[in-house]
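What follows is a set of notes on a single structure, which appears directly below.
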Amino acid sequence: MPNISNATTVQEHLRDLHTLVEDSLKQWNLSTNTTAATALVGQAHPNRLSHELHPLGPVQVGMLQKDFKEKIAAIRAICLSFAQGPLHQSISVGDASSTSAFRKYSTLLKEETQLEEALSSVKASMTQCQNTLRAASQDGGIKKDHLLGSIKEMATGLGLECYLDTGSRPYSALPVSILTIGGIVIVVDIEVESTGAILKVKVSFFPEIHQDERVDRLLASNLRCKCGKLLQTEDRSATANLLHLPDCSRNFDAFSKNLKALAVLDNFQKKYPVDFFHNMRAMDLDLKELFRREMLLTNNDIERVFKHGHGIPMTHAVLPGPSVAYWAPKSELLDVSWSALATAIEQGANEKVKIPFHRISITMEESTASASGYLPADRAGFLLSEEETQTLSGLSYGSIMNDQGSVGASTILQQPLRWVVPTSDSTIEATYVAVLHPPVVVSEDLAKQLAALSNQAGFNTMGLNRDQGYLSLQELLVNRAIEQTQWEIVLDQGPNAVRQLFSFDRTKCEARLLHRIPFTHISQVYMCTKLLRQQMVFNALFQSCFKETSSPEEIKKRLNAAHTGNGEDNDDSNDNVDTTSEVAIIIQTPQPPNIILATFINPFTETSMRIEIVIDPVTASPTVRLDTGMGHASPMMGFQTGGEFQYMQQQQQQQDQYMQHNLQQQQQDVFVVDSIKLTQVLLLCDSIPILVRWILKRSFVWMKERHQLLGRSGSVQSGRRPSSHTEDGGILKRPRV
């Protein structure tokens with residue numbers, strides 16, 4: 001929420017309300033323009049606002065409601081005070097001689113208010129135009145003024161004090177402006193040359209134990225020019241000028257978020273008797289200790305710790321404060337040097353880590369109903385040390401929790417963690433929040449699980465009275481024109497290629513785009529990582545089916561050529577007809593993010609097949625089964641009831657049934673593939689189209705061997721007609737008609 005002024009008049013309160021609305025619309029990526037808003041209402045498919053308007057979206061809905069209620073109550077109080085005040089009473093019941101004068105005075109006040117409002121709007125428009133022109137200017141001096149003015153406006157809006165000074169520095173021949181931003185714990189010094197170039201950013205803390213150069217580098221990287229190089233004169237005297245490139249830009253949005261993360265803690269420090277910086281440092285130390293323990297247990301296998309453990313801790317990576325990397329696309333991990341990554345993490349060299357990790361950054365925000373507890377200054381961390389786990393049994397400022405959720409059959413840790421749970425203070429309106437980088441599309445059910453971590457209300461009623469045109473989870477993941485009905489993927493070239501035509505079940509499955517997850521204790525971060533990993537694996541597998549290898553123009557051209565070729569009778573025209581085999585595949589997601597089903601007819605075996613991918617909610621690892629239409633127990637039964645233990649039992653029962661079914665199929669001379677082998681293939685490629693291609697190639701080889709065997713024996717299997725396919729270049733395809 002933006003910093004709201006100490007308004008005393010109706011006009012000022014209305015301006016604050018306008019600021020609240022504009023800020024919220026900006027975070028929701030909606031235009032504040034009236035024409036654009038009107039056009040939005042008439043759209044056939046609603047904006048993604050419906051997927052972000054919830055307690056875990058970019059806007060703190062609870063705080064927005066609170067601020068609105070307070071402003072409206074203040075406006076009502078002022079109006080009531082005026083209605084009961086002497087001026088209104090004099091106009092209503094005063095004598096005739098004075099009523100006229102009072103009415104004239106009241107009219108003058110109204111006109112003055114209207115004039116002031118008009119001038120205020122003109123002033124705001126002129127200021128906006130001035131900022132736009134300054135940002136577009138290539139002159140270094142104007143760039144400097146725009147830079148300092150923008151930073152000062154951000155800082156004062158966050159409740160920090162600003163001081164500007166101009167002097168010289170031994171490492172610069174040009175005049176240097178020093179902008180100092182101060183709170184009670186933090187002091188940020190920003191040095192800018194007269195040319196607009198950032199020389200130095202220094203963040204100082206009191207006490208100095210929180211000092212970290214990575215915060216300096218993080219803020220400096222936000223403010224430095226992104227144009228790479230600056231056009232400058234060779235003269236470096238005091239009169240030198242420096243021209244910025246036309247596309248020169250600074251990441252003011254990222255700088256504002258990073259400065260806000262520091263300012264929120266600083267403001268809380270003024271408001272409440274708690275050392276919030278100390279608690280954030282304690283969480284950072286706990287994440288590093290968990291990383292150390294898991295690395296020790298896995299013999300420094302950082303890849304396993306990243307994928308199946310508590311993740312990789314990275315301090316001041318995206319936001320100031322602790323963060324943990326929990327997932328990354330498999331394609332981005334193919335050429336990763338895990339030993340070099342481990343060294344960079346140990347050294348705290350964030351700039352050396354180039355992997356596009358999905359991260360959880362931990363910070364704090366205001367809250368209307370907080371249940372968080374805070375450590376005293378003499379307690380270093382929430383996590384009990386290995387020695388304290390054996391000896392410590394009680395605390396005066398809280399309790400000790402045995403975290404059974406931290407261990408399981410597939411976890412790295414095999415002994416439950418023990419945590420300090422400080423007594424919560426309801427008077428402190430603050431809570432911890434996990435900020436997701438980048439935001440994640442999740443199913444409605446998973447969003448409810450994450451919202452329950454901090455008792456966030458609002459999800460049970462979000463699905464009621466929804467416009468039928470809202471985008472489903474599947475449509476959000478496809479992220480393209482939802483009117484499209486088929487997506488074409490061809491993984492091989494030449495006449496022997498198989499064209500996979502994917503479509504998905506349009507049954508509505510509600511989704512949410514998560515930006516932040518409020519929580520009450522650091523132990524809950526691990527639960528967040530497990531749930532998000534399962535969803536990310538689901539998303540990646542589903543999206544792999546809709547990354548077309550052919551452009552719409554190529555598809556249209558092929559269809560036209562096929563249509564023209566079919567209309568000719570001569571053999572020459574038939575030579576141009578595309579003879580590539582086609583497989584239509586329907587993707588179903590009966591209960592995301594647990595299951596993905598891919599159904600198709602195998603052109604070689606001429607049987608219906610269904611690939612069942614079950615994503616384990618604990619390890620986020622997929623398990624693949626191939627159903628050839630013989631009818632056996634579906635893995636969907638494993639998700640009808642909750643509970644990890646029950647889930648594991650049902651999975652084992654289904655695996656036994658599946659193995660027995662495979663044995664029966666082999667005895668009946670039916671094409672089957674072992675579940676373990678299928679799972680290995682999917683884990684290697686992380687792609688459903690590649691898995692389908694592998695199954696098709698495997699089935700072709702099986703059919704070829706079977707035909708050869710039957711040819712030698714001179715017999716044909718009863719109850720099955722001979723295949724109408726022909727062999728050509730190592731793959732079967734339908735003959736031209």
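Derivation of every value follows stated rules applied to the coordinates shown; laboratory data play no part. Keep in mind the model is a prediction, meaning the values are calculated, not measured. FYI the Cβ positions are ideal-geometry reconstructions off the backbone, even for glycines, and counts take in every protein chain you see.
Largest first, the extents of the alpha carbon coordinates of segment 404-456 on the three principal axes equal 37, 34, 21 Å.
Extension gain for SER100 to GLN347 (0.36 nm times residue separation, less C-alpha to C-alpha distance): 81.0 nm. For the residue pairs LYS270/LYS448; LYS144/LYS200; LYS202/LYS307; LYS66/LYS202; LYS508/LYS677, the alpha carbons lie more than 25 Å apart in LYS270/LYS448; LYS202/LYS307; LYS66/LYS202; LYS508/LYS677. For the pair ALA124 and ARG506 in one chain, pulling the backbone fully straight at 0.36 nm per residue adds 132.8 nm over the alpha carbon distance. On the beta carbon distance between GLU444 and GLN65, with R0 = 25 Å, the FRET formula returns roughly 0.70.
Can you tell me the FRET efficiency between ALA377 and LEU683 if r is taken as the Cβ-Cβ distance and R0 is 45 Å, rounded to the nearest 0.05? For ALA377 and LEU683, the calculated efficiency is 0.45. Taken over the Cα atoms of segment 257-389, the convex hull encloses 137 Å³ per residue.
Taking a ≥ b ≥ c as the square roots of the eigenvalues of the Cα gyration tensor, segment 316-359 is classed as oblate, since a/c reaches at least 1.5 and a/b does not exceed b/c.
Going by the alpha-carbon gyration tensor, a ≥ b ≥ c the square roots of its eigenvalues, is segment 115-203 rounded (a/c under 1.5) or, if a/c is not under 1.5, prolate (a/b greater than b/c) versus oblate? Oblate. Which shape class, rounded, prolate or oblate, goes with segment 343-446 when its Cα gyration tensor gives a ≥ b ≥ c as root eigenvalues, a/c under 1.5 marks rounded, and past that a/b bigger than b/c marks prolate? Verdict is oblate for segment 343-446.
Put a dot 7 Å past the Cα of THR298, heading toward its Cβ, do the same for ILE209, and the two dots end up 3.0 nm apart.
Along segment 336-344 the Karplus relation, 6.51 cos²θ - 1.76 cosθ + 1.60 evaluated at θ = phi - 60°, assigns HN-Hα couplings of 7, 8, 5, 5, 5, 5, 4, 5, 5 Hz to successive residues, with x for each Gly and Pro. When only alpha carbons are used to place a centre, segment 108-147 and segment 159-196 end up 24 Å from one another.
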